[in-house]
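Written below as structure tokens is the structure these notes are about.
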Amino acid sequence: MAFEMVLMWLVTAVPCEKTPPPGMVCIEGGDALVGTDARSPAEQPRHSVYIETFYLDAKEITVGDYSRCERAGACPRLPRPSYYARFQRPELPAVPVTWDMAHQYCVFSGKRLPTEAEWEKAARGPEGRTFPWGEEPPSCDKANYKGCPGDSTRPPGSFPPGPYGLHDLAGNGYEWVKDWWTPCYQGCDKACGEACLRANPRGPCDGARPCKGYTQRVLKGGSWYWPEDMLRGSWRRGERPTSGLHRLSFRCAASTPRLSAWPPRFLTEPPARPVDPTPPSEEERAKALAVVEDTDVFQIPLCGRKGKARVDCRDPMSYIKSNEALQYLFGDAIKNVGGGYVGLGADQGYSFIAHARSQWAWIFDYDPTVIRLHHVLRAVVKRAPTREDFVAAFTDKRVAATRAAIEEEWASLPKEERAAISGVFERARRSLWSNYARQLRPARWTEEFGWLQTDENYRYVRLLFEQGRIISIKGNMLTDKALPSIARAARAVGVPIRVYYPSNAEEQWKQLPPQYRENVRQLPFDERSVILRTLISRRFHKSDSRWHYIIHGGLHAQEHLALPGYANVWSFMEDRQQVGGFLSTVVAGGSEGTPRRERYLDFLSYIGVPSASAESKP
């Protein structure tokens, strides 16, 4: 066990950045003493856990801080009854605050609530002192608690700091943390157990919602209202998340110094357009092509005519054209990010590739019909100099020429597979022609988003096809073949995956399968990487849009996919930001060309998308 702890330290310890985000303090990774054997059962037993480097607000969030979130419409208003007047000065801690209010504010600030273990390490220091100041008994010159002058909250920072330069981790406001409350760490009925004892503990369900059997969140640090016995760092209390008493407050934490507050980096620091790639070398091409097809996709049974896709079967529908009408909403997040593209689906991937100016693209799908469609498109695009020529290839007059182009392009494939590719073209060409002809028509509201919207976008996609930089394979996202091999190929050619598009596939699963979690975590993401996700749900918006469009920071997603408590795609939505605006043109439900400025973008969410810099503040 000792060897494992030392090894973990060597592998995962991350030093503090020289400049933490304003108002925050860095707490370097290492062991921490949590709990005690000498006090209440809830605090037992005393144990050591490893905690990675994190950042914590030096002071409690004030009324003035919280009011910025209120004005932005991102946080519920603080209750302001007359009998709470003495708590409402802007320099005082924000009270009364429910757990949800605290969580929403931290998300708005690009941060999160601290875990209980993080909070306790911050309060007790690496040596596990009883109080932030040490072992001396509490006094009113060290903390604000019951019996001290004023009988109310005090401005954060009114008392000397404890470990790491943090204030008020004893008394003043009772502070919410992320964890669900349990009656003890170990050795009692319904004990937290391994969820609280492992490295970087987050408690039951990793703090995510819902968490069956758990109804209370943890409060730490005591308050101005309670006596000195509750000021010790190990003290813990359970409270309903909806409780909003005049002593409940909070502070926020972050895992890295780059926050994810509004506005996101892609708006404040938009990247310059990458130069066109040059033809890859034979070695580069071989590395990019070293991907593994899921040949067993033909054996995946259909779910039934009215069934939806599940882990053990596939959707009976072949989606040869996208029905996500507002994909251009993703445009700002991916414009000119370059790098690599990975995604499923039909030709919508080319719109993402053109807008991002992706250098390499890997398209996969478990529906053989969709991949055969991509083979048709490759043959046609390479031989169609203009987008108009491309669309014309699907007309009656060009059938013979297009059929010959498919045969020529895929001459190396077995005759049966060539026939299957041509069959997709023959059966779907009229529907495809209608779809592509529609995409040719100018659409003012899309801001040149769409691979057939502009000559330049089409030229770029054609260039990638000509250079062999677009690779389409049969792939099942739930196996250890296609996606992991794409991740290896991207690393081999030295390109980060900047755009990953799973469409709404993830919402088909009640639980995100372990192999899929690992597949996404293997993709070489960086701070510019995003996941473009859709949900067929009005749970999170009130508009008449069929879809909810989500831009999810890639690194945030990978971090949370390592946590089993985030069981499905819905779990991520508690960290969403809805900071949109009014559409100046058409939205779902509006007639073409009709201004609809009154409709709010409540069907676009951002999750964990990095801000411009560590200095970002709401």
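The values are calculated or read from the model by the stated rules, or taken from the named source; none is laboratory data. Since the structure is predicted, the reported quantities are computational estimates derived from the model, not experimental observations. Note that each Cβ is placed from the backbone with ideal geometry, even for glycine, and that neighbours are counted across all protein chains shown. Accessible surface areas use protein heavy atoms only, side chains included; no ligands, DNA or RNA. Shrake-Rupley method; radii C 1.70, N 1.55, O 1.52, S 1.80 Å.
Things worth noting here:
- No other residue among Arg546, Arg517, Arg498, Arg491 is open to solvent by 10 Å² or more (accessible area, probe 1.4 Å), under 19 Å from Tyr328 (Cα atoms) and modelled with pLDDT of 95 or more apart from Arg498.
- Among the numbered conditions (1) within 26 Å of Leu535 (Cα to Cα); (2) in contact (Cβ under 8 Å) with a residue 60 or more places away in the chain; (3) not small (Gly, Ala, Ser), the only one that Leu464 does not meet is (1).
- Residue in the stretch 434-451 that is among the hydrophobic types (A, V, I, L, M, F, W, C), in contact (Cβ under 8 Å) with a residue 12 or more places away in the chain and in contact with a strand residue (DSSP E or B) (Cβ under 8 Å, 6 or more places away or on another chain) present: no
- Selection from the stretch 127-146 of residues that are open to solvent by 40 Å² or more (accessible area, probe 1.4 Å) and touching a helix residue (DSSP H, G or I) at 6+ places or on another chain (Cβ under 8 Å): Arg129, Thr130, Pro137, Lys146
- All of Ser152, Ser158 fail the test of being outside any strand (DSSP E or B), modelled with pLDDT under 95 and surrounded by fewer than 20 Cβ atoms within 10 Å (Cβ to Cβ), apart from Ser152.
- Looking only at the stretch 367-420, and only at residues there that are basic (Lys, Arg) and under 18 Å from Ile471 (Cβ atoms), the one that is least open to solvent (accessible area, probe 1.4 Å): Arg372
- All of Ala562, Ala588 fail the test of being at pLDDT below 70 and surrounded by fewer than 17 Cβ atoms within 10 Å (Cβ to Cβ), apart from Ala588.
- Residue satisfying all of: in the stretch 330-373; among the aliphatic types (A, V, I, L, M) and assigned to a loop (DSSP other than H, G, I, E, B); farthest from Thr268 (Cα to Cα) among these: Ala346
- Tally of residues being in contact with a Leu (Cβ under 6 Å, 6 or more places away or on another chain) and either in a loop (DSSP other than H, G, I, E, B) or of a type in the set (Ser, Thr, Tyr) (or both) across the stretch 123-142: 3
- Subset of the stretch 238-266 that is aromatic (Phe, Trp, Tyr) and either in contact with a Lys or Arg (Cβ under 9 Å, 6 or more places away or on another chain) or within 30 Å of Trp224 (Cα to Cα) (or both) - its residue that is surrounded by the most Cβ atoms within 10 Å (Cβ to Cβ): Phe250
- Any chance Gly193 is without any contact (Cβ under 8 Å) to a residue 40 or more places away in the chain and open to solvent by less than 30 Å² (accessible area, probe 1.4 Å): yes
- Breaking point among (1) over 30 Å from Ala32 (Cβ atoms); (2) at pLDDT below 95, for Gly110: (1)
- Residues being within 26 Å of Ser611 (Cα to Cα), small (Gly, Ala, Ser) and part of a loop (DSSP other than H, G, I, E, B) - total across the stretch 511-557: 1
- Reported count of residues in the stretch 196-228, each being open to solvent by 20 Å² or more (accessible area, probe 1.4 Å), under 18 Å from Ser571 (Cβ atoms) and either basic (Lys, Arg) or not in a helix (DSSP H, G or I) (or both), is 8.
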